[in-house]
Amino acid sequence: MKRILLMTVLLLPMAGCNSVFEYIFLPPGRTELTVVPDADAIAALADSGYSISPSGDAIVYDARTWKFEIKYVTDYQLNTFEFPQESDDFEFSANPYTYGNWIDPEKGYTPKRFSVFQVTIFNYSGAKLNYDPELSMLLSDRGDKFEAYAREKKNAKNLSIEEYYQKLKGTSGSDEEIFETRMGIARRTMLYFGKPVYKGDSRDGLVVFDPVVDEVERLKIDVKKFITAYDENNEPSEFKDMVFYFKQVPYERPQSAGQSDSDTSKSGKKSVKISQIIYTSQGGALTYDPPWNPVPRAMNQIVAYIDRNMPTNSRAYSGTFSDPNVQESKIAFLLANGQKPEFMQTFVDGCAEYLSSGGFLFIDNAHFKNEYPFAQYYETFLKDVQSSIGSSAEIRNIPMTHEIFNVPNKFDVLPQGIDEVTPGFQKTTVLRGLFIDKRLAAVLSPKGYTTLWAEQGAGYDFAGYYEFAVNIFNYVLK
């Protein structure tokens, strides 16, 4: 440690920058900001088509036959949940939307590279819809007028992400590799003007603007010429202009894994560890990256919602049942990815030990693309766990009189899930559970609640899924 400190002090004069010294020994105070819906400005529109999502972070325009939803995506989410492996290499981080974990030595913090919004389009009964993100503009109360970036340089109306990074690219092989990684992510995740969204389909992706400075308080996104119909010649014939108002406010991150329990106690909130279980599955065309995490936004969204609605400071982890942080977690989530899972006996025994020690496991289907035998795979897994635990464990239906359906929110029937609107999936009217000495220790859910928590299913107009999450956490933390 002394050697590191000595080297740092010796290198400071060579850097020729007093601000580096000030940052290391006197870190500058700075309030991290985020962008949230401006409820007052939305209400002033006096248009019943506009609303704010149940989670409070997205603005929705509902035309009944279709829906357009937009929300801000923080750098924290992009780095931690969306592209963690591409965000941890400092100045060589390959996340195309942020600077990763690089810190500007002159500023003493990581600046914003872009302002990123997630747009989701649902087509319920219209013939076909289409959206050109390059026609959208981000405006601020400071006078900024930012046009949305195109994905690729060819045929771009505005500056493209490809052109942006071409200007920064050096000539080394590593620079080329980082560039290709960035473009690969951009091609997978950015929205672009392409094939229409047909009846019964949905589409989501990212829309990217230049960064908004901290001094900005209010923002507006103008969406121009959203295509709502095509004529007999397959040319756009009907359009809709929309406007979405946001404001910039201080951001309180979900508690990081490095924050101590003593820090949590000072806030008056209970420290809670939450884990997502890493597991292996058979490969195939449907495999996600990483395979165990088919809904990357789910954990971030549920942590944020629970911490807003309960006296908790939650920390999110991922790992196997042998990892200490998982073993110390009050609740763990295992999300099915559409493939046949491969649970070794050590994994089964680890789960049994975790549940027997007071842990709670929520197993949820997160893949609704085909006739996936979720119940078959995962009830078999629960039976193996039951055998590992012994005679104190049993698997049975969870009655609607159970606490998870009644406290603090009462449900007479299961909250609606994605299984109810997906062809090939039988509607589930009861959840199965594993009980240990009459304590509910694991829930088997074919409903897709985690997908709804991630708001990837918000277009179904379901109600109660967030309230059900509160019930689950209330039961686990009592």
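A compact table of results
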read-out: Cα-centre dipole for the stretch 28-145 with unit charges at Cβ (Lys and Arg positive, Asp and Glu negative), debye to 20; value: 360 debye
read-out: Spatially proximal lysines relative to LYS107 (Cα-Cα < 26 Å; intrachain offsets below 8 disregarded); value: LYS2, LYS145, LYS167, LYS169, LYS247
read-out: CD proxy at 222 nm, helix term only [per DSSP H run n ≥ 4: -39500 (n - 2.57); per residue of the chain; nearest 500]; value: -7500 deg cm²/dmol
read-out: Dipole of the chain [Lys/Arg +1, Asp/Glu -1 at C-beta], most positive-end residue of GLN301, LEU361, VAL60; value: LEU361
read-out: Derived scalar couplings ³J(HN,Hα) [the stretch 87-95; Karplus, 6.51 cos²θ - 1.76 cosθ + 1.60; whole Hz; x for Gly, Pro]; value: 10, 10, 10, 6, 5, 9, 4, 9, 4
read-out: Taking N as its residue count, the alpha carbon Rg of the chain over 2.2 N^0.38 Å; value: 1.04
read-out: Neighbourhood net charge (14 Å Cβ-Cβ; Lys/Arg +1, Asp/Glu -1) for ARG182; value: -4
read-out: For the stretch 261-477, size of Cβ-based charge dipole, Lys and Arg +1, Asp and Glu -1, in debye; value: 340 debye
read-out: For SER318, distant residues with modelled amide H under 5 Å away; value: GLN276
read-out: For ALA150, residues with placed amide H under 5 Å, excluding near neighbours; value: ASN158, LEU159, SER160, ILE161
read-out: Among ALA336, VAL326, ALA46 - extreme Cα towards positive end, dipole of the chain, charges at beta-carbon; value: VAL326
read-out: For the stretch 31-250, Kirkwood radius (reciprocal of mean inverse C-alpha pair distance, Å); value: 18.4 Å
read-out: The chain - charge dipole about Cα centre, Lys and Arg +1 at Cβ, Asp and Glu -1, debye rounded to 20; value: 600 debye
read-out: Partner lysines for LYS273 [C-alpha distance under 23 Å; skip if fewer than 8 residues away on the same chain]; value: LYS330, LYS478
read-out: Partner aspartates and glutamates for LYS157 [C-alpha distance under 18 Å; skip if fewer than 8 residues away on the same chain]; value: ASP132, GLU134, GLU147, ASP210, ASP222
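Just so you know, all these numbers are worked out from the coordinates, no wet-lab data involved. Just so you know, these numbers come straight off a predicted model, no measurement behind them. Positions of Cβ are generated from backbone atoms using ideal geometry, with glycine treated the same way; all protein chains shown enter the neighbour counts.
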